[in-house]
Amino acid sequence: MGEPGFSDVVGMDAPVVDCHAHIFLKDMPVSREAWTHIDYGFSAEELLATMDAHGVHFGIISGISISGFYNDYMIRQLRRHRRLRGTAIVSPRTDFYTLEQMAADGIVGIRLQLARAEQLPDFRGDDYRLLFRRVRDLGWHVHVAIEWPMLRRVLEPLVEAGVDTVIDHMGHPDPADPLACDGFAAMLEAVDTGRGWVKLSGGFRLAGTDSWRDPDSDLDTVAGIVAQELLTRVGPDRLLWGSDAPFVGYEKRVTYARVLESFRRWVPDPMARAEISRTALRLYFP
C-alpha cells in the first residue's frame with residue numbers, strides 16, 4: 001500500500017504531523033555547552049514506530065542542541081524516511097550551496113537553539129542577515145527556542161528580515177505570570193505579522209528551565225493556561241502541535257500518550273485539532 005493522502009490522514013483524530021521531535025544516537029558528538037548528557041539513543045525507526053502506534057503520520061525533526069552543528073545523522077534519516085522533515089542548527093556562515101543540498105535532503109528550516117543562553121549572537125550582523133536572507137530565498141523558516149526574557153530580542157531582527165518564524169514550546173513564558181510577561185506579548189506581535197507560528201509543544205517544560213530536576217514539579221498548570229490563551233488569541237491556523245519526544249530530561253515522567261492527551265485537553269474541539277493539522281501540512285509539506 002502507498003502512503004495515505006493528506007485528505008485521508010487529516011480526518012483521523014490524532015494529529016497528522018508531530019512538529020517537534022528529536023532523533024539521536026547514543027554516541028553522537030556532544031558540544032561543550034550541552035545542558036545535559038544523554039546515555040541512550042532514540043533512532044528514526046523508534047520515533048516512527050512510536051508515531052505509528054499513536055496514529056501520527058508525519059514528523060518534523062528538530063536539531064538537537066547538545067550536538068551543536070552535527071546534523072549528519074538527522075539528514076541521513078531524512079533521506080531514508082520521506083515522512084520526516086527537519087530543522088538544522090547551522091553556523092551563520094553556512095554557504096548557499098550547502099543549504100540548498102540540505103533542502104533537497106528534507107531540511108525545511110534552521111533552528112536557533114538559544115535556551116539557557118546568557119548572551120545572544122548579533123542577529124543584525126552581516127553573517128546572520130545573510131543567513132536569514134538565504135533562509136527566506138529557500139522558502140524555509142527559522143525555528144526559535146529561547147526563554148521569555150530574551151524572546152523579543154530574537155524575534156525583532158527576524159521580523160525585520162522578513163523570514164517565517166516558528167516559536168518553540170509556547171514561547172517559554174514566565175511560569176510566575178505567563179500571560180503578562182513581555183515574551184508572550186512579543187510572540188503575539190510576531191504572529192500578527194503573518195509570518196509567525198507557535199508550537200503547542202513541551203508543555204511539561206513550562207514550569208521552569210530546571211523543573212526537570214524536581215520530580216514533584218507541576219508539569220500541567222502553566223501549559224494549560226498558555227495553550228488556552230493561544231487558542232483564543234492566535235487560533236488554529238497559526239498553531240502547531242509537537243510531542244518533543246523522547247522528552248529529554250523528563251523521560252521518567254512523560255510519555256507519547258501523555259502529550260497527546262494534553263493536546264486533546266488544550267484543544268478539545270476535534271475541528272480545531274484538525275485545522276492545526278492542516279496548518280502543519282501547509283507549512284511543512286506544501
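Taking the conditions exactly as written (modelled with pLDDT under 95 and either within 22 Å of Ile60 (Cα to Cα) or in contact with a Ser or Thr (Cβ under 9 Å, 6 or more places away or on another chain) (or both)), does Ile167 satisfy them or not? Quick ask: steps written out before the conclusion?
On the way: modelled with pLDDT under 95: no; either within 22 Å of Ile60 (Cα to Cα) or in contact with a Ser or Thr (Cβ under 9 Å, 6 or more places away or on another chain) (or both): yes.
Criteria not met by Ile167.
Condition check: farther than 26 Å from Arg152 by Cβ, without any contact (Cβ under 8 Å) to a residue 12 or more places away in the chain and not aromatic (Phe, Trp, Tyr). Does Thr255 satisfy that?
Taking the combined requirement at face value, the residue satisfies it.
Taking the stretch 126-160 only, how many residues are of a type in the set (D, E, K, R) and modelled with pLDDT under 95?
If we filter the stretch 126-160 for residues that are of a type in the set (D, E, K, R), which is where we start, we get 126-127, 129, 133-134, 136-137, 147, 152-153, 156, 160.
Filter once more, keeping what is modelled with pLDDT under 95: 147.
Number satisfying all stated conditions: 1.
For the stretch 258-286, give me each residue that is touching a strand residue (DSSP E or B) at 6+ places or on another chain (Cβ under 9 Å) and without any contact (Cβ under 8 Å) to a residue 12 or more places away in the chain.
Once the filter is applied, which keeps residues that are touching a strand residue (DSSP E or B) at 6+ places or on another chain (Cβ under 9 Å) and without any contact (Cβ under 8 Å) to a residue 12 or more places away in the chain, the stretch 258-286 yields nothing.
Could you tell me which residue of the stretch 229-247 is surrounded by the fewest Cβ atoms within 10 Å (Cβ to Cβ), considering only residues that are within 14 Å of the chain's Cα centre (by Cα) and of a type in the set (A, V, I, L, M, F, W, C)?
Among those that are within 14 Å of the chain's Cα centre (by Cα) and of a type in the set (A, V, I, L, M, F, W, C), it is Phe247.
Residues are listed down the side, and each one gets a yes or a no for (1) farther than 22 Å from Gly86 by Cα; (2) in a helix (DSSP H, G or I); (3) not small (Gly, Ala, Ser):
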| position | (1), (2), (3) |
| --- | --- |
| Val198 | no, no, yes |
| Ile225 | yes, yes, yes |
| Leu230 | yes, yes, yes |
| Asp237 | no, yes, yes |
| Phe247 | no, no, yes |
| Arg258 | yes, yes, yes |
| Arg265 | yes, yes, yes |
| Pro268 | yes, no, yes |
| Arg282 | no, yes, yes |
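Could you tell me how many of the residues in the stretch 270-280 are of a type in the set (A, V, I, L, M) and either assigned to a loop (DSSP other than H, G, I, E, B) or surrounded by 17 or more Cβ atoms within 10 Å (Cβ to Cβ) (or both)?
Final tally of qualifying residues: 3.
The rows are residues; the columns are (1) without any contact (Cβ under 8 Å) to a residue 24 or more places away in the chain; (2) over 22 Å from Trp241 (Cβ atoms); (3) among the polar types (S, T, N, Q).
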| site | (1), (2), (3) |
| --- | --- |
| Gly59 | no, no, no |
| Gly63 | no, no, no |
| Gly68 | no, yes, no |
| Val90 | no, yes, no |
| Val108 | no, no, no |
| Gln119 | yes, yes, yes |
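Name the residues in the stretch 160-205 that are touching an Asp or Glu at 6+ places or on another chain (Cβ under 6 Å) and either surrounded by 21 or more Cβ atoms within 10 Å (Cβ to Cβ) or within 22 Å of Ala245 (Cβ to Cβ) (or both), would you?
First, the residues of the stretch 160-205 that are touching an Asp or Glu at 6+ places or on another chain (Cβ under 6 Å): 172, 179, 181, 195, 199, 201-202.
The answer is His172, Lys199, Ser201, Gly202.
With the structure loaded, tell me whether Val222 is in contact (Cβ under 8 Å) with a residue 12 or more places away in the chain, buried (at least 17 other Cβ atoms within 10 Å of the Cβ), closer than 26 Å to Ser43 by Cα and under 19 Å from the mean Cα position of the chain (by Cα) or whether it fails that test.
no
Residues of the stretch 41-55 being in a helix (DSSP H, G or I) and under 24 Å from Asp72 (Cα atoms), which ones?
Across the stretch 41-55, the qualifying residues are Ala44, Glu45, Glu46, Leu47, Leu48, Ala49, Thr50, Met51.
Quick check on Asp27: is it touching a Gly at 6+ places or on another chain (Cβ under 9 Å), surrounded by fewer than 14 Cβ atoms within 10 Å (Cβ to Cβ), at pLDDT below 90 and over 20 Å from Trp140 (Cα atoms)?
yes
The values are calculated or read from the model by the stated rules, or taken from the named source; none is laboratory data. Small disclaimer: the values here were computed from a predicted structure and weren't measured. Cβ atoms come from the backbone with ideal geometry, glycine included; neighbour counts cover every protein chain shown.
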